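K.L.:
Please find one structure pasted underneath; my questions will follow.
The values are calculated or read from the model by the stated rules, or taken from the named source; none is laboratory data. Keep in mind the model is a prediction, meaning the values are calculated, not measured. Using ideal geometry, Cβ is built from the backbone for each residue, glycine included, and neighbour counts are taken over all protein chains shown. What goes into the accessible areas is simple: the full protein's heavy atoms, side chains included, and nothing from ligands, DNA or RNA. Shrake-Rupley method; radii C 1.70, N 1.55, O 1.52, S 1.80 Å.
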Amino acid sequence: MDNNAFRHWSLKAAEWGVDYRDGLRDRPVRPKLEPGQVLNSIAASPPEAAESMEAIFADFEAKIVPGMTHWQHPRFFAYFPANAAPVSVVAEYLVSAMAAQCMLWQTSPAATELETRVVDWMRQALGLPDGFSGVIQDSASSATLAAVLTMRERALDWQGNKSGLSGAPRIRVYCSEHVHTSIDRAIWIAGIGEENLVRIPTGGRFRAMSAAALEAAIVEDRSQGFLPAGVIACVGGTSIGGTDDIAAVVDITARHGLYCHVDAAWAGSAMICPEFRHFWAGVERADSIVFNPHKWLGAQFDCSIQFIRDPESLVRTLAIRPEFLKTHGRDGITNYSEWSVPLGRRFRALKLWFLLRAHGLQGLRTMIRNHVSWSGKLAERLRREPGFEITSEPMLSLFSFRHVPMGLSDLDQHNLALAEAINRDGRIYLTQTRVDGRTVIRFQAGQFEATEADVDKAFEVIVEIARAVGSPPA
């Protein structure tokens, strides 16, 4: 591809992207196809000869796009959002064109220094104190793994990486049942083992860990010869928004000398609004915090910020400095590859810089406040609707509900069938979860370009399809 063709197809791709986003409301959120349908439409062997871009692009439009779930659809109410604000997409064009490897200061000085600045912008925006530094990781999974490795090394007096775990006491990490499965994976990868991830009972409206049970578990484990290393607290868990009492947790971790990591991957974005910060009161005393601007804030995936109170502990855990990676003659510089598990790093800071400047904190706060308000109104409408119950109260813009029509005995199967029928219909997209042993349906408002009318449409679709699916047989 020469420069003229590169220009033509770059413009074509950008124009396609605008048209695609403009027409999303006319598409089903989830594709109507069977497994293997896309696979079988693609040649089984790679081409020997070059093909034209016209043919490749035509196949993209005919075979790939119809098989995609549209995460930027304004009626995507499933999982959590993976927003890509248009200005973030533009920034990603530039990142892709430069294709820089941003592992060291010397390999991309501007990328390193912009990352330092925008992470500090976000620290200020979330109301965190000056004592926090930070790094942009690819995802909360990597940030949590980095935190777990750090708490492991700190508990082992920095000998785990050197000597391994075979001769060490069994390490214990504590969390609630509402944390994301990325915590389980981090425990596996860190060599701690899932039997040593201790689940603490929860209670209250926000399903917070019991502080008394947490402290009792730590004391008991120490008496049994285990080595408590840290606690992973949750703000806005994936299932129903489970949120721990952070102040109570950090009181305990401070008392027992444990590391505290706070997973606020989704809900952290809402902390740009001061009125929501009570959900993580005490977070300023945590050792590390993760939140994902690529969820609710609008930065295109991947973009996850890990704030750290003691970056030296993180670097001591992760940094490897072979001669070929040293920046000679430069003291006091930051190489963010030493703050991350992967060596290679993308220029993630650019899209966040574009996003914050193009929308400003005021614009982003308005979006988040709208989503919280609209979701709360929907919960109240469903609560008043005959045959529905709210199974977990709104946490920011997330709640769960259940359809309980008269005359049906297997309500779990019914609600699974209802969720599938709603998604097959295509006008909105929802996901299910389990609360107190029962199958329920989640709803969250968070798509960057959603409107109140889109949330109103969700109510219409849910009620319409529930009536059809829930009618007892004649």
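K.L.:
Kindly indicate the residue of the range 434-443 that is within 28 Å of ARG369 (Cα to Cα) and at pLDDT below 95 and also surrounded by the most Cβ atoms within 10 Å (Cβ to Cβ) among those meeting that condition.
P.N.:
VAL435
K.L.:
Name the single residue, out of those in the range 196-236 being of a type in the set (Ser, Thr, Tyr) and more than 24 Å from the chain's Cα centre (by Cα), that is nearest to VAL290 (Cα to Cα).
P.N.:
The extreme case among them is SER210.
K.L.:
Separate question: Among the listed residues LEU128, LEU114, LEU104, which satisfies the condition of being touching a residue at least 40 places away in the same chain (Cβ under 8 Å) and either among the hydroxyl-bearing types (Ser, Thr, Tyr) or under 19 Å from ALA319 (Cα atoms) (or both)?
P.N.:
After ruling out the rest, the residue left standing is LEU104.
K.L.:
Is it fair to say GLY230 is open to solvent by less than 10 Å² (accessible area, probe 1.4 Å) and in a loop (DSSP other than H, G, I, E, B)?
P.N.:
When the stated conditions are applied, GLY230 does not pass them.
K.L.:
Right, here's the next one. Given the conditions (1) within 17 Å of TYR429 (Cα to Cα); (2) of a type in the set (Asp, Glu); (3) open to solvent by less than 100 Å² (accessible area, probe 1.4 Å), and given that ASP59 satisfies all but one, which numbered condition is not satisfied?
P.N.:
(1)
K.L.:
Ok, one more. Yes or no: LEU398 open to solvent by less than 10 Å² (accessible area, probe 1.4 Å), of a type outside the set (S, T, N, Q), more than 23 Å from HIS178 (Cα to Cα) and touching a residue at least 60 places away in the same chain (Cβ under 8 Å)?
P.N.:
It is false that LEU398 is open to solvent by less than 10 Å² (accessible area, probe 1.4 Å), of a type outside the set (S, T, N, Q), more than 23 Å from HIS178 (Cα to Cα) and touching a residue at least 60 places away in the same chain (Cβ under 8 Å).
K.L.:
In the range 12-35, which residues are open to solvent by less than 70 Å² (accessible area, probe 1.4 Å), farther than 29 Å from LEU430 by Cα and free of Cβ contacts under 8 Å to residues at least 40 places away in the same chain?
P.N.:
Result: ALA13, single match.
K.L.:
Mind listing just one residue for me: the one in the range 158-182 that is touching a Phe, Trp or Tyr at 6+ places or on another chain (Cβ under 8 Å) and assigned to a strand (DSSP E or B) and, of those, farthest from THR243 (Cα to Cα)?
P.N.:
Among those that are touching a Phe, Trp or Tyr at 6+ places or on another chain (Cβ under 8 Å) and assigned to a strand (DSSP E or B), it is ILE171.
K.L.:
Being of a type outside the set (Val, Ile, Thr) and touching a residue at least 60 places away in the same chain (Cβ under 8 Å) narrows it down to one residue among ALA85, ALA55, ALA99; which is it?
P.N.:
Every option except ALA85 fails the conditions.
K.L.:
How many of the residues making up the range 280-315 are under 24 Å from ALA84 (Cα atoms) and assigned to a loop (DSSP other than H, G, I, E, B)?
P.N.:
Going through the range 280-315 one residue at a time, the tally reaches 7.
K.L.:
Taking the stated definitions as given, is ALA140 at pLDDT below 90, of a type in the set (Gly, Ala, Ser) and under 22 Å from the mean Cα position of the chain (by Cα)?
P.N.:
yes
K.L.:
Looking for something of a type outside the set (A, V, I, L, M, F, W, C), within 27 Å of ALA186 (Cα to Cα) and touching a strand residue (DSSP E or B) at 6+ places or on another chain (Cβ under 9 Å) - is there at least one such residue anywhere in the range 383-399?
P.N.:
No: the range 383-399 contains no residue that is of a type outside the set (A, V, I, L, M, F, W, C), within 27 Å of ALA186 (Cα to Cα) and touching a strand residue (DSSP E or B) at 6+ places or on another chain (Cβ under 9 Å).
K.L.:
Does any residue in the range 207-225 that is closer than 13 Å to LEU258 by Cβ come within less than 8 Å, Cβ to Cβ, of a residue that is open to solvent by 50 Å² or more (accessible area, probe 1.4 Å) and outside any loop (DSSP other than H, G, I, E, B) six or more places away or on a different chain, and which pairs are these?
P.N.:
GLU215/ARG255
K.L.:
Shifting gears a bit: Test PRO169 against the stated conditions and say whether it is open to solvent by 30 Å² or more (accessible area, probe 1.4 Å) and touching a strand residue (DSSP E or B) at 6+ places or on another chain (Cβ under 6 Å).
P.N.:
yes
K.L.:
Taking the range 237-279 on its own, how many of its residues are open to solvent by 10 Å² or more (accessible area, probe 1.4 Å) and either of a type in the set (Gly, Ala, Ser) or part of a helix (DSSP H, G or I) (or both)?
P.N.:
Result for the range 237-279: 15.
To keep it simple, each residue is scored yes or no on (1) open to solvent by 30 Å² or more (accessible area, probe 1.4 Å); (2) of a type in the set (A, V, I, L, M, F, W, C).
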| site | (1), (2) |
| --- | --- |
| ASN83 | no, no |
| VAL90 | yes, yes |
| ALA99 | yes, yes |
| SER108 | no, no |
| ALA111 | no, yes |
| TRP121 | yes, yes |
| LEU126 | no, yes |
| GLY134 | no, no |
| GLN137 | no, no |
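K.L.:
What is the residue count in the range 409-425 for residues that are crowded, with 17+ Cβ neighbours inside 10 Å and in contact (Cβ under 8 Å) with a residue 40 or more places away in the chain?
P.N.:
So the count comes out to 5.
K.L.:
Within the range 183-198, which residues are outside any helix (DSSP H, G or I) and either open to solvent by less than 30 Å² (accessible area, probe 1.4 Å) or over 20 Å from GLY167 (Cβ atoms) (or both)?
P.N.:
Listed by number, the residues that qualify are ALA190, ILE192, GLY193, LEU197, VAL198.
K.L.:
Among what's in the range 157-195 and is under 20 Å from CYS260 (Cβ atoms) and aromatic (Phe, Trp, Tyr), pick the residue that is nearest to the chain's Cα centre (by Cα).
P.N.:
Filtering first and then ranking leaves TYR174.
K.L.:
Do we have ARG381 as in a loop (DSSP other than H, G, I, E, B) and either open to solvent by 40 Å² or more (accessible area, probe 1.4 Å) or modelled with pLDDT under 95 (or both) here?
P.N.:
no
K.L.:
Given the residues GLY160, GLY164, which is the only one that is surrounded by 14 or more Cβ atoms within 10 Å (Cβ to Cβ) and over 26 Å from TYR79 (Cβ atoms)?
P.N.:
GLY160
K.L.:
If you don't mind, another one. Quick one: in the range 36-56, which of the residues that are open to solvent by less than 80 Å² (accessible area, probe 1.4 Å) and closer than 21 Å to TYR20 by Cβ is nearest to the chain's Cα centre (by Cα)?
P.N.:
VAL38
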